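Okay, structure first, notes after.
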Amino acid sequence: MKFLSTTILCFILCSSAVYAQNVRLRLAGEAMRELDYMTAIVMYQQILQQEDNMEAKINLAECYRKINDTDNAEYWYGQVVRLPNPKPLYKLYYGMMLQANGKNALAKSWFQQYLTDNPGDARAQYLFKACDLEQELKNKNRDVYVVNAMPFNSNLDDFSPTIIGNSIVFASDRDRGTLIKRTSMWTGNPFSDLYIAPFQKAGLSPGDFVFKTPEKFSKDLNTKYNEAAVAISPDSQTIYFTRNNYLDGKLGRSEDGLVKLKIYTARKEATGKWGDIKSLPFNSDEYYTAFPSLSADGKHLYFSSNMPGGYGGMDLYVSNNEGGTWGPAINLGPIVNTEGNEIFPFITPDNRLYFASNGQIGLGGLDIFYTTSNGKQDEWNLPVNLGSPINSNHDDFAITFGGDLSWGFFTSDRDGGVGRDDVYGFQKFALPVEIVVSDATTKAPMSGVAVTNGKSNLTFTSGKDGKVAFDMRYAECADFSVSKKGYESTQKRVCVDSTNTGKITRVEVQIQKQANFMVQGMVFDMTDGLPADEASIMLLNDCGKPIPEAIQTSSDGRYKFKLDKDCCYTVRAVHDGYIAGVSEQICTRNLSNSNIFKVNLNLQPYRETSGTAANAKKAKNAFDSAPHYNTLSGLYENADGSPASFEMGEGVVVKSGVMFDNGTPVKPEKMGWTQNASGFLINLYYDFNQIGVSGASQPELERLFRTLHDNPELQIEIASHTDARGSDDYNLQLSQQRAEAVVRWLIEKGIDANRLSARGYGETQPVNHCVNDVNCTETEHQMNRRTEFRILGKGGNTISKPKQGVKVAPCEGCPF
């Protein structure tokens, strides 16, 4: 019985202990849900002193994160991520605490582990990238800002400064001396009130200012709950401020029992007091609205809220004053807002928006950024991190500027402060710069233009007004590249000095719409004048650009190439057995408007299709019966000479003798060599009894030279003919000398002599009836005084050899 009694007693005691622990867990959980984190922390610590409890570890880490105690949060999240099957989110939080404590290398590994499970999490991607950018962010503005802690900081929270005249208004929970103890369950500190500290400028930097002892700003605005973050109207008669949901002695709660933050407004009365306190229309009991900032004209109110429809925790919004009433909240969009928190906006007189975020790429915790509008209230440029020394691995937020925007204040809980959040002053040694981009032709501002700083590699995007805004150090110069799709990129050098403090350096840049150039056309096989199949088309240039891969034509004979600006091109079509078709030079230099060059090319055959005589005859018969192009009429004709009509496919059709390419008339070029039975006619005509060609024939010699230049593989014979007057032997020698004169001219122009043969045929091959003893006109005789070329072969292959060593009889008394 004694043993049984002891066993029962132990069971009862153990059950009581388990019950007590369960009660503590339940009460601690209720404290967390009520945002009473300080109470919850104590209770979870008591539980962990008794046992190793997984739920207590997780919630203790969460509590420390909520009150921004990063050291303790790091320790406990380090415990949590090593529990069996921890949630991936705890890995993200652990990495954030490590980053906030300056341990970026270790933080990066935990962000990577989290991204393995959640690759689409944009916030984690930003945090991961931030680990690699730590040194850049620490160094980018090292010489731009000088930061000093303010002498009025307390050992508790001092934050959210605003400049009103020669005074600084800020929030602080330093007041421990009230009769009624007012303590925030969240932090364990007193609720915050608004304070004011007048100052005198003893120098340019707030570090040189002389401050009076801070006093409470107004008993009309301060209550037993939190007040913070004020904005003042341009006439100083209206104030906007953040407060817990408390008005006219009534405390409002959400459906889950929490007291949210709201933005209130008050008017200054004749006595100097603040009265007529009202809640703004976009407030709600169910979500937070806080941290107002008013534009210089008083028409736009920027603030932070976690209202439904946002992108993450707290987002930035703007409300517009419409006839004296504040309109609906407009979210600033996904470029500014992230899955994290964006809070404490501040809009400058030049419409640069500063804010704090823990979702953009930063050094850890909250960092301060700025952005500029793209012309719409929900379209903004990519935010720019201010970098160190404004930002640190801890929370940095609530920046405000005074005077000429070269000095101001912000809040940070960085190491070395007096309390938790402290107010810091800064002097800025940089000037605002605006680059305004416009269309060079229309002069209209251009949006969406990328402007990249060649020194920092930071890229900004212009808004609807064509502007991008950024800062540059005193006496600094940088080269900027300005680019937009469809426009020519340009470079602009920007320099600032230190003599125009507070003034914006404005630079205008005009960009020219990009001219698109193209050459296209059709290659014709002059065997029948139809489009050439399997021709190889090459695009050559004189500006050292890579030669694109050759195009092989299909049955439609078409080709197309894109051209670059400031370059000259030639198009070359080649096919075995044909004289290459080469275009005149096509130049895009000094052209500013887009252009499509239309160039058709002819491929002229210089030998018959190989094969037996029977096959050749069969091919000729087929050719004679098929439609073909008549160079004299300029029409496609049937065998009987009537205009042909037929379809070739791919949009090519012949109607009534005219070829159309997708509705556009097209035909072979007129240029080409006239071919007869013995070769290609060179229109070189001679005066009677003369060796040299007449001056009018010089262009034809030049054309022959270009043909040989464009077909470097061809070997030719220059064949010269005379009229029938004079002896046969004399004419044979005269024609030989005429052929040799042409060869010499070609050699002098640079054509390889091994490619050239000269042969005189005298009067043996007349083209008309003007033979011996026949009376003809001078014009008829001149038709026989001609020169032709015949293609002998390609490279080392010869089609037929000309006769060598022509015997010429002496001619005494002849003029040569």
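The values are calculated or read from the model by the stated rules, or taken from the named source; none is laboratory data. Here the structure is a predicted model, which means the values were calculated and not measured. Using ideal geometry, Cβ is built from the backbone for each residue, glycine included, and neighbour counts are taken over all protein chains shown. Note: areas computed on protein heavy atoms with side chains; ligands, DNA, RNA excluded. Shrake-Rupley method; radii C 1.70, N 1.55, O 1.52, S 1.80 Å.
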**Request:** Taking H placed 1.01 Å from N in the peptide plane, check which residues at least 5 places from L563 or on another chain put their amide H under 5 Å from its amide H.
**Result:** F517, M518, V519
**Request:** Quick one: which residues, 5+ away or cross-chain, put their amide H under 5 Å from the amide H of F429? H built at 1.01 Å from N.
**Result:** Y145, V146
**Prompt:** Per the helix-only calculation at 222 nm, which mean residue ellipticity applies to the chain, given -39500 (n - 2.57) for every DSSP H run of n ≥ 4 and division by its residues, nearest 500 deg cm²/dmol?
**Reply:** -6500 deg cm²/dmol
**Complete:** Taking every other residue with Cβ under 12 Å from the Cβ of L332 and scoring Lys and Arg +1, Asp and Glu -1, one gets -3
**Message:** 5 Å is the cut-off here: which amide hydrogens, built 1.01 Å from N in the peptide plane, fall below it relative to E763, excluding neighbours closer than 5 in sequence?
**Reply:** T722, L732
**Message:** Per residue of segment 193-206, what does 6.51 cos²θ - 1.76 cosθ + 1.60 with θ = phi - 60° give for ³J(HN,Hα)? Whole Hz please, x for Gly and Pro, Karplus curve as stated.
**Reply:** 10, 8, 10, 10, 9, x, 9, 10, 7, 9, x, 6, 9, x
**Complete:** Per the rule of 0.36 nm per residue minus the C-alpha distance, extending A296 to L681 adds in nm 130.1 nm
**Prompt:** Among residues other than L137 whose Cβ falls under 13 Å from its Cβ, what is the net charge (Lys/Arg +1, Asp/Glu -1)?
**Reply:** -1
**Asked** Which value, in Å², gives the accessible area per residue of segment 503-601 when a 1.4 Å probe is used on the protein heavy atoms?
**Response** 51
**Request:** Please say if the chain is rounded, prolate or oblate, where rounded means a/c under 1.5 for a ≥ b ≥ c the square roots of the C-alpha gyration tensor eigenvalues, and otherwise the choice is prolate for a/b larger than b/c and oblate otherwise?
**Result:** prolate
**Ordering of 344-355, 124-135, 544-555 by burial proxy (mean other Cβ atoms within 10 Å per residue, highest first)** = 344-355, 124-135, 544-555
**Message:** Suppose the chain between E637 and C568 were pulled fully straight at 0.36 nm per residue; how much longer would it get relative to their current alpha carbon spacing?
**Reply:** 21.1 nm
**Message:** Quick check: at a probe of 1.4 Å, how many percent of the accessible area of the chain sits on carbon and sulfur atoms?
**Reply:** 51
**Prompt:** Calculated FRET efficiency, T779 and N593, Cβ-Cβ r, R0 56 Å, to nearest 0.05?
**Reply:** 0.70
**Request:** Only helices at least 24 Å long along their axis, Cα-based, and averaging -1.0 or more on Kyte-Doolittle count here, so list those DSSP H runs from the chain.
**Result:** 2-33, 728-748
**Asked** With each pseudo-label sitting 7 Å past Cα toward Cβ, what's the F211-D276 distance in nm, one decimal?
**Response** 3.3
**Complete:** Taking 148-157, 78-87 and ranking on average Cβ neighbours within 10 Å, highest first, one gets 148-157, 78-87
**Prompt:** Using a basic spin-label model with each label point 7 Å from the Cα along Cα→Cβ, how many nm lie between N754 and V23?
**Reply:** 11.2
**Message:** Using the Karplus curve 6.51 cos²θ - 1.76 cosθ + 1.60 with θ = phi - 60°, what ³J(HN,Hα) values do you get for each residue of segment 259-267, in whole Hz, with x for Gly and Pro?
**Reply:** 9, 7, 8, 9, 9, 10, 10, 9, 10
**Prompt:** Around C776, with a cut-off of 11 angstrom between Cβ atoms, what is the net charge of the other residues, counting Lys and Arg +1 and Asp and Glu -1?
**Reply:** -3
**Prompt:** Just how large is the dipole of the chain about the Cα centre, in debye to the nearest 20, putting +1 at every Lys and Arg Cβ and -1 at every Asp and Glu Cβ?
**Reply:** 1360
**Message:** Is the C-alpha gyration tensor of segment 24-179 telling us rounded, prolate or oblate? Criteria: a/c under 1.5 is rounded; beyond that, a/b larger than b/c is prolate, otherwise oblate.
**Reply:** oblate
**Relative contact order of segment 218-278, defined on C-alpha pairs under 8 angstrom at six or more residues apart (%)** = 29
**Prompt:** With every protein chain left in place, what is the accessible area per residue of segment 71-133 in square angstrom, probe 1.4 Å?
**Reply:** 47
**Fill in**
Scoring the chain by relative contact order with C-alpha pairs under 8 Å, at least six apart, yields a percentage of 6
**Asked** Can you list the HN-Hα couplings for segment 378-389, worked out from phi with the Karplus curve (6.51, -1.76, 1.60; θ = phi - 60°), rounded to whole Hz and with x for Gly and Pro?
**Response** 10, 10, 9, 6, 4, x, 10, 6, 5, x, 6, x
**Item:** Separation of the Q237 and T490 label points, Cα + 7 Å toward Cβ, nm
**Value:** 4.7
**Message:** I'd like the accessible area for D285, computed on protein heavy atoms only with a 1.4 Å probe and all protein chains in place. Round to 10 Å², please.
**Reply:** 60
**Complete:** Contour minus Cα-Cα span, M648 to L106, at 0.36 nm per residue, comes to 188.2 nm
**Request:** Under 1.5 on a/c is rounded, so check that first for segment 154-308, then, if it is not, pick prolate when a/b is larger than b/c and oblate when it is not; a ≥ b ≥ c are the square roots of the alpha carbon gyration tensor eigenvalues.
**Result:** oblate
